[in-house]
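Below is one structure, written out as structure tokens; comments come after it.
The values are calculated or read from the model by the stated rules, or taken from the named source; none is laboratory data. This structure is a prediction, so every number in the text was calculated from the model and none was measured. Quick reminder, even Gly has a Cβ in these numbers, built from the backbone with ideal geometry, and neighbours come from all protein chains shown.
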Amino acid sequence: MKKISLNETHLALEAKMVPFAGFYMPVQYEGVTAEHLTVRNSVGVFDVSHMGEFLVTGENALPLIQKITSNDASKLEIGDAQYSCFPNENNGIVDDLICYRIEKDTYLLVVNASNIEKDWNWISKYNDTFGAELKDVSDEYSLLAIQGPKAIEAMQSLSSLDLADISYYTFKIGDFAGIENVLISATGYTGSGGFEIYCKNSEVLHIWNKVFEAGSTYGIKPIGLAARDTLRLEMGYCLYGNDINDTTSPIEAGLSWITKFTKDFVNHKALAKQKELKPEKALVAFQLDERGIPRQGYDIVDNDGNVIGNVTSGTMSPCLQKGIGMGYVLTKLSKTGAQIYIQVRKKAIPATIVKLPFYRKPI
């Protein structure tokens with residue numbers, strides 16, 4: 001098991017540390033619900049330094065990225081970020097990722113920690129044809145996600161950049177907490193605003209301390225991965241390994257919006273056909289009509305008890321105080337407003353298919 005740079009800091013904060021994607025990671029501090037509500041109402045800090053980072057450079061960087069990702073990276077200007085995925089050759093997904101355009105021929109791909117080796121091998125296989133320069137810098141960098149409606153106000157004193165000017169899915173490189181050349185992005189995974197800080201491992205403790213000093217009057221708190229999961233689920237964001245994997249297609253997962261058929265990418269012809277003919281299954285969001293908590297792996301059944309799908313993510317929503325989840329069902333049964341049932345042990349609990357997100361910011 002690897003340890004992130006702030007391992008001792010999290011232990012000192014009495015975080016519950018658990019093995020996750022090959023790392024010891026803080027899963028919670030004071031409790032999932034309290035941490036979840038901190039991010040929704042004020043500001044919290046996640047250490048997500050386990051994530052993988054690959055640099056792709058050279059004149060063939062973009063052609064390679066265009067081939068291996070589903071989204072259209074040619075649309076990226078310097079300072080833009082883009083959500084995308086690596087389609088495999090069998091209508092599945094190798095991983096989802098965020099692509100940053102750093103310079104004209106320099107891109108940063110941020111991938112899931114559990115897939116670093118798999119993704120590297122996948123990219124390298126296709127790069128044999130393109131010859132771009134690849135570098136895995138995952139072990140050199142730390143990543144903090146500062147999330148919540150008060151994040152910008154709480155952190156502005158730490159940078160000469162206008163943090164409010166970093167719009168959604170863009171980034172800037174500049175000073176932060178007295179450190180130069182920090183990448184500050186606004187991609188988020190919580191739905192409550194904020195930004196991410198990419199820095200060198202040697203810099204992260206200094207930045208962590210400065211962040212908590214600056215946020216002290218705003219009620220800033222450290223937040224674990226358990227609350228990160230409940231926050232992303234309230235927004236309906238997919239989690240690799242749960243809602244998407246090697247056997248689920250971006251079309252089935254409702255990710256057609258990041259699947260651009262204006263270019264040639266891995267398996268694009270088969271995915272285009274699947275989109276045209278409609279897949280047999282579709283990822284839906286549902287809300288329980290009665291008390292209960294849906295969990296990953298639970299069966300989704302119809303009124304007669306026939307299995308029509310399975311739950312991929314589920315929880316008790318801290319904001320809605322209702323059981324919510326996502327799962328795959330037969331496409332013909334995936335209409336919004338339709339009733340389904342979640343098999344919780346011996347009881348089939350009625351649920352309604354709803355539109356995402358589950359949580360909407362108060363006006």
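Tell me yes or no: at least one residue of segment 26-34 is polar (S, T, N, Q) and in the same structural domain as Asp165 (by TED's automatic domain parsing).
Yes: one or more hits.
Does Ala253 satisfy the criteria of being in contact with a helix residue (DSSP H, G or I) (Cβ under 7 Å, 6 or more places away or on another chain), under 26 Å from Gln287 (Cα atoms) and touching a residue at least 60 places away in the same chain (Cβ under 8 Å)?
It is false that Ala253 is in contact with a helix residue (DSSP H, G or I) (Cβ under 7 Å, 6 or more places away or on another chain), under 26 Å from Gln287 (Cα atoms) and touching a residue at least 60 places away in the same chain (Cβ under 8 Å).
Please specify each residue of segment 257-297 satisfying the condition of being in contact with a helix residue (DSSP H, G or I) (Cβ under 7 Å, 6 or more places away or on another chain) and among the aromatic types (Phe, Trp, Tyr).
Phe261, Phe265
Residue check: is Glu180 charged (D, E, K, R), assigned to a strand (DSSP E or B) and assigned by TED's automatic domain parsing to the domain that holds Gly44? Quick ask: steps written out before the conclusion?
Numbers: charged (D, E, K, R): yes; assigned to a strand (DSSP E or B): yes; assigned by TED's automatic domain parsing to the domain that holds Gly44: yes.
So Glu180 fits the description; yes.
Exactly one of these conditions fails for Leu37: (1) without any contact (Cβ under 8 Å) to a residue 40 or more places away in the chain; (2) out of contact with any strand residue (DSSP E or B) (no Cβ under 9 Å at 6 or more places or on another chain). Give me its number.
(1)
What strands (runs of 3 or more DSSP E) completely inside segment 192-303 contain at least 1 residues that are among the basic types (Lys, Arg), within 22 Å of the chain's Cα centre (by Cα) and buried (at least 16 other Cβ atoms within 10 Å of the Cβ)? Spell out how you get there, then give the answer.
On the way: elements: 194-200, 221-223, 281-288, 299-301.
Counting at least 1 such residues, we get 221-223.
Of a type in the set (Lys, Arg) and closer than 30 Å to Phe212 by Cβ: is that true of Lys125 in this structure?
Numbers: of a type in the set (Lys, Arg): yes; closer than 30 Å to Phe212 by Cβ: no.
Against the criterion (of a type in the set (Lys, Arg) and closer than 30 Å to Phe212 by Cβ), Lys125 does not qualify.
Before we move on, is Ala164 modelled with pLDDT of 95 or more and crowded, with 18+ Cβ neighbours inside 10 Å?
no
Give me the pairs, please: first residue somewhere in segment 201-222 and touching a residue at least 40 places away in the same chain (Cβ under 8 Å), second residue anywhere and among the aromatic types (Phe, Trp, Tyr) and assigned to a loop (DSSP other than H, G, I, E, B), beta-carbon distance under 8 Å, and either six or more positions apart or on two chains.
Lys221/Tyr29; Pro222/Tyr29
So, in segment 43-78, of the ones that are of a type in the set (Asp, Glu) and closer than 28 Å to Thr248 by Cβ, which residue ends up surrounded by the fewest Cβ atoms within 10 Å (Cβ to Cβ)?
Asp72
Can you name the helices (runs of 4 or more DSSP H) wholly within segment 54-168 that have at least 3 residues being of a type in the set (Val, Ile, Thr) and on the phi < 0 side of the Ramachandran plot?
116-130
Can you find a residue that is closer than 30 Å to Asn242 by Cβ and assigned by TED's automatic domain parsing to the domain that holds Asn209 anywhere in segment 157-165?
As a first pass, look at segment 157-165 and keep what is closer than 30 Å to Asn242 by Cβ: none.
Within segment 157-165, none of the residues are closer than 30 Å to Asn242 by Cβ and assigned by TED's automatic domain parsing to the domain that holds Asn209.
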